Amino acid sequence: MRRRSVCTLIAIILLAPVPAAALYFEYPDADLVLDLPIGWRLSESSNGGAAADSAWLFEHGDVRAELFVSRSAGATIDEALDGAAESVGAAGDVAVFDYAGEEAFFSDVELSGDRSGYLMAIEVDGRIAVLFVTAPSHARLDAEEELLSVADSLVPVEPLPGPVSVFFEGTVFDEEDVEIPFPGPNGRGLSGEIPVTFSAGPNAVETGHILVSREATILERYEFTEFSNGDGRSLAPSSEQDPKWLRAWRRYFRRIYRDSYVRVERLADEIDSLFDSNATAEEERADVVLSWLQSFEFRQAQNPGLFQTTAESLMTASGDCDSLAVIYVALLDHLGIEAQLLVSTEHGHAIAIVDSGDAASGNGEISGEPKGTASPAGSPEGGRFEIEGREFLPAEMTAAWPLGKIAAGHADAAGWHVVDLR
């Protein structure tokens with residue numbers, strides 16, 4: 001990788017504090033997001049002076065994130081990086097890598113004031129974003145997971161993997177192709193088993209495990225408590241008034257979904273082509289994909305998040321309720337079918353739900369019992385959930401149940417929480 005120097009000068013000067021309640025910071029003039037962990041706050045913002053059009057300071061205890069966004073679409077990443085580095089007194093060498101088709105920079109960095117951490121600089125929508133995320137040097141080791149999580153959360157609105165994950169996985173030209181029979185032994189709606197291909201580089205599984213373990217470490221700060229404002233069939237949409245543990249859980253799955261979405265794009269294209277060549281009705285497609293994933297072996301990962309990564313699940317045709325539900329939602333997203341993830345502390349389980357405007361209830365035999373659930377499931381029954389007046393069909397991932405069937409003991413919306421992965 002090519003390396004270059006980051007210049008060193010004076011500390012940043014920011015203006016009056018600007019309060020902010022949300023941890024999900026979206027830059028107003030570009031498709032750029034900083035998806036911070038729970039507990040972070042926007043402390044100050046300003047005109048960035050020579051460094052950028054805008055600058056923000058976010059804090060969580062002693063950990064600090066300083067974000068600069070370039071003044072115009074004409075700035076180069078070198079110019080933006082040098083201006084921002086001058087503002088914060090940054091020193092270090094940067095590694096250059098490709099992110100979303102553009103040049104990006106990542107490095108260890110030291111700032112004036114005896115702080116150290118990471119620099120990330122990416123280009124999104126023609127704007128350059130430069131982020132310094134640091135802790136006091138004596139506390140750097142204890143803050144390591146959070147520093148990397150914040151650096152990895154500077155992303156486009158489009159669901160792409162975080163830049164730290166892309167950097168560590170590296171550019172790989174020898175991807176491994178794995179063929180999986182589709183729709184599998186429990187397949188509904190298609191005759192026969194036609195192989196579809198999943199491709200992944202040699203570092204994909206390890207990179208996914210690092211991501212899951214890191215984000216699970218941050219998630220573990222928040223103790224689960226009983227909470228639900230769902231009622232009968234009605235699910236409550238996400239809200240900033242939801243408890244911290246639930247908002248932290250949602251961020252955890254958002255980070256994982258970003259890593260999953262692009263990985264299944266080729267696979268989704270192949271499945272879509274199969275549907276077209278077989279004239280599969282649009283409303284039946286979600287159930288066919290569901291039946292395919294239900295044929296996977298049940299397996300729960302032994303990492304801190306107890307989450308098997310998308311790459312490993314597809315390479316081994318295995319997974320548990322939440323890992324398979326994330327894959328399912330990502331595949332349906334590529335197929336133009338709206339779906340969301342539901343999680344439950346009460347049931348110790350996860351399912352997906354599919355917009356009934358995009359899919360019909362599935363047909364076929366019902367077999368098996370849901371695996372991995374911590375509460376009695378009971379017999380399957382037809383069910384629907386509502387979110388703000390829209391109806392969604394439940395998708396059980398770990399038993400061969402058609403779309404629209406859910407265990408009687410899991411049918412009450414009060415036991416579930418919506419995780420909007422986008």
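So that you can scan it fast, the table gives a plain yes or no per residue for (1) in a strand (DSSP E or B); (2) of a type in the set (Asp, Glu); (3) modelled with pLDDT of 85 or more:
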residue	(1), (2), (3)
Pro37	no, no, yes
Gly49	no, no, no
Glu66	yes, yes, yes
Ser72	no, no, no
Ala75	no, no, no
Asp82	no, yes, no
Ser107	yes, no, yes
Ala121	yes, no, yes
**Prompt:** Hey, any hits in the range 253-264 for a residue that's surrounded by fewer than 17 Cβ atoms within 10 Å (Cβ to Cβ) and part of a helix (DSSP H, G or I)?
**Reply:** no
**Within the range 91-116, tally of residues that are within 18 Å of Glu44 (Cβ to Cβ) and buried (at least 18 other Cβ atoms within 10 Å of the Cβ)** = 2
**Within the range 213-238, considering residues that are under 16 Å from the mean Cα position of the chain (by Cα) and more than 30 Å from Ala411 (Cβ to Cβ), the one surrounded by the most Cβ atoms within 10 Å (Cβ to Cβ)** = Glu215
**Fill in**
If we keep only residues of the range 182-200 that are surrounded by 17 or more Cβ atoms within 10 Å (Cβ to Cβ) and assigned to a loop (DSSP other than H, G, I, E, B), then the residue modelled with the highest pLDDT is Pro183
**Single residue of Gly362, Gly357, Gly372, Gly409 found to be touching a residue at least 12 places away in the same chain (Cβ under 8 Å) and either assigned by TED's automatic domain parsing to the domain that holds Gly162 or in a helix (DSSP H, G or I) (or both)** = Gly409
**Request:** Would you confirm whether any residue within the range 15-29 is surrounded by fewer than 13 Cβ atoms within 10 Å (Cβ to Cβ), assigned by TED's automatic domain parsing to the domain that holds Phe132, at pLDDT 75 or above and not in a loop (DSSP other than H, G, I, E, B)?
**Result:** yes
**Item:** Selection within the range 276-290 - buried (at least 16 other Cβ atoms within 10 Å of the Cβ) and modelled with pLDDT under 95
**Value:** Thr280
**Message:** Looking only at the range 124-158, filter to residues that are surrounded by fewer than 24 Cβ atoms within 10 Å (Cβ to Cβ) and assigned to a strand (DSSP E or B); which one of those is farthest from the chain's Cα centre (by Cα)?
**Reply:** Pro136
**Request:** Give the residue, chosen from Asp78, Asp125, Asp82, that is touching a Cys at 6+ places or on another chain (Cβ under 6 Å) and in contact (Cβ under 8 Å) with a residue 40 or more places away in the chain.
**Result:** Asp82
**Prompt:** Going by the structure shown, is Val164 buried (at least 23 other Cβ atoms within 10 Å of the Cβ) and either of a type in the set (Gly, Ala, Ser) or farther than 30 Å from Thr316 by Cα (or both)?
**Reply:** no
**Asked** What are the residue pairs meeting all of these: first residue in the range 268-293, first residue of a type in the set (D, E, K, R), second residue buried (at least 16 other Cβ atoms within 10 Å of the Cβ) and part of a helix (DSSP H, G or I), Cβ atoms under 6 Å, and 6 or more apart or on different chains?
**Response** Arg285/Phe275
**Asked** Out of all the residues in the range 326-337, is one or more among the small types (Gly, Ala, Ser) and either touching a strand residue (DSSP E or B) at 6+ places or on another chain (Cβ under 8 Å) or surrounded by fewer than 19 Cβ atoms within 10 Å (Cβ to Cβ) (or both)?
**Response** yes
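The values are calculated or read from the model by the stated rules, or taken from the named source; none is laboratory data. It should be emphasised that the depicted structure is a prediction, and the values quoted were computed from it without experimental measurement. So basically every Cβ, Gly included, is an ideal-geometry build from the backbone, and we count neighbours across all protein chains shown.
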